[in-house]
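Take a look at the structure set out below.
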Amino acid sequence: MDKQTEFVLRTMEERDVRFVRLWFTDVLGFLKSVAIAPAELEGAFAEGIGFDGSAIQGFARVYEADMVAHPDASTFQLLPWRGTTQGTARMFCDIRLPDDSPAFADPRYVLKRALRKAADMGFTFYTHPEIEFYLFKQPVVPGEPPVPVDRSGYFDHTTTNAGTDFRRKAITLLEQMGISVEFSHHEGGPGQQEIDLRYADALTMADNIMTFRVVIKEVAAMQNMFASFMPKPLENEPGSGMHTHLSLFEGDSNAFYDASAEYHLSKIGRQFIAGLLRHAAEIAAVTNQWVNSYKRLVGGSEAPRYICWGQNNRSALVRVPMYKPSKGASARVELRSIDSAANPYLAYALVLNAGLAGIENDYELPEGAEDDVWSLSERQRQALGIKPLPRSLDTAITLMENSELAAETLGEHVFDFVLRNKRAEYESYRAQVTPWELRTSLPSL
């Protein structure tokens, strides 16, 4: 038994923890959970907990249903909202088959595989997300527009505001679970919030994002609100993105930093951006996996619509944040397309491999776009070689179907499931008669 496992078992006894929730995600990024009693935990560490994989979205076909959840002791944390006595803890799990081989449908394994490739190239991959979401008044009625909890705007400061109290409580719980928060503030939409998590390696961060969503939902419920990570919940207001800052390290050295280069961006950093640009469209069905995601990517409100990069250009898909003197370790690039409802494991795996493809194949970085690309004409964008991101899930699916990078990164099982699931979602959406059609067409046709 390793030291981390011993620590977990000892903490369980000392803190009188009565339940342990074993967490994992399905292919779409929905959290799954099974609770076990403390007496079962040592056996779970040794042998795992079996379950029916065919009942989980994208995990297995009926004839290969048996799967085993193996808790990762390094992810052990108490759930602070469950109380300090006779409490509840959680651990993330790695999913395996009965013969102890990895389950290729496990999103955590997909990301681990990509991180292993980066490690073989000498890199560690770090991410730092800015997570946006909305708070709505209860009740939220499906099919009816939700009502924001406030009418505040970007960076607004008020002495009595539901969002201010909410963020204070949520951040307190996150930090009690070992998740460091860098910034928080009110975003541009009414009721819209942003909380930025301090950078960590990509696997830890993906786990943190899943935990973050649980904490945000729990605190909202405590305060009689509803929290939504839907990419575009309000028709005339900004959508919710998950702008993510990315960096590669070689040991303790930031591989994106070069003191003598333009923007202090190294050759590796430039190649990484080139990889992001070249493959952005074909991985959009994962980074922006919902029909609703493309309502956010219509331009304006700092949501990218075109495939370009720039230093201080918030209309660009990839931005290079301004260099801070004496802070070479903070050199990074910001990818602005990912939305708050993405599966972070699959999204980060694809983003990483897109960047690594740029390094492996020595992609050349095109000229940066320092103009507001939304304000350019279509002809001007074509002259600059600026192509659009997919404008619908349908287009994104078609592009991903022909992507070798997506197929290799996700593996055959996940690749096939994502395409089938997203195609079914889009076909269901296409059959709907929307309120817009009833409002604009019914009176006159």
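Summary of values
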| quantity | calculated |
| --- | --- |
| Isotropic mean projected area of the C-alpha convex hull, region 233-383 (nm²) | 9.5 |
| Surface accessible to a 1.4 Å probe, residue 67 within the full protein complex, Å² | 10 |
| Accessible surface, per residue, of the chain when the full set of protein chains is kept, probe 1.4 Å, Å² | 46 |
| HN-Hα J in Hz across region 243-254 - Karplus 6.51, -1.76, 1.60, θ = phi - 60°, x for Gly and Pro | 3, 10, 7, 10, 8, 10, 10, 10, x, 9, 9, 6 |
| Values of log10 I(q)/I(0), in the order q = 0.23 Å⁻¹, for region 70-128 under a Debye, Cα-only, solvent-free model | -0.98 |
| Anchor residue 267: aspartates and glutamates whose Cα lies under 17 Å away (excluding residues fewer than 8 positions away in-chain) | 250, 258, 334, 360, 362, 364, 367 |
| Order of exposure, largest accessible area first, which applies to 290, 436, 23 with probe 1.4 Å | 436, 290, 23 |
| Rg ratio (alpha-carbon, reference 2.2 N^0.38 Å) - the chain | 0.99 |
| Region 71-115 - percent of accessible surface contributed by carbon and sulfur, probe 1.4 Å | 48 |
| Within the accessible area of region 120-214 (1.4 Å probe), percent carbon and sulfur | 50 |
| Sequence of 130, 40 when ordered by accessible area, the most exposed leading, probe 1.4 angstrom | 40, 130 |
| Those lysines that a straight Cα-Cα span of less than 25 Å connects to residue 32, excepting residues fewer than 8 apart in one chain | 112, 169, 217, 232, 422 |
| Gaussian network model of the chain, springs between alpha carbon atoms under 10 Å - residue of 28, 350, 419 with greatest fluctuation | 419 |
| Largest-first ordering by accessible area, 1.4 Å probe, given options 169, 422 | 169, 422 |
| Span from the region 161-200 Cα centroid across to the region 94-126 one, whole angstrom | 30 |
| Proximal charge balance of residue 33 [Cβ under 9 Å; K/R count +1, D/E count -1] | +3 |
| With DNA, RNA and ligands ignored, accessible area of residue 90 (1.4 Å probe; Å², nearest 10) | 10 |
| Hz values of 3J(HN,Hα) by residue in region 422-437 - Karplus curve (6.51, -1.76, 1.60), Gly and Pro given as x | 5, 5, 5, 4, 5, 5, 5, 5, 4, 7, 7, 9, 8, x, 4, 5 |
| Directionally averaged projected area (convex hull, Cα atoms, region 330-445), nm² | 11.3 |
| Bins of 10 Å, starting at 0 and running to the largest distance - Cα pair percent for region 250-290 | 27, 36, 26, 10, 0 |
| Calculated on alpha-carbon atoms, Rg and Dmax of region 124-184 in Å | 14.6, 45 |
| Normalised contact order of region 173-261, rounded percent, pairs of Cα under 8 Å and 6 or more residues apart | 16 |
| Square roots of five times the Cα gyration tensor eigenvalues for region 128-238, Å | 22, 15, 14 |
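The values are calculated or read from the model by the stated rules, or taken from the named source; none is laboratory data. Values in this document were obtained by computation on a predicted structure and should not be read as measured data. Note that we place each Cβ from the backbone using ideal geometry, even for glycine, and neighbour counts take in every protein chain shown. In case anyone asks, the SASA skips ligands and DNA or RNA and just uses the protein heavy atoms, side chains included. Shrake-Rupley method; radii C 1.70, N 1.55, O 1.52, S 1.80 Å.
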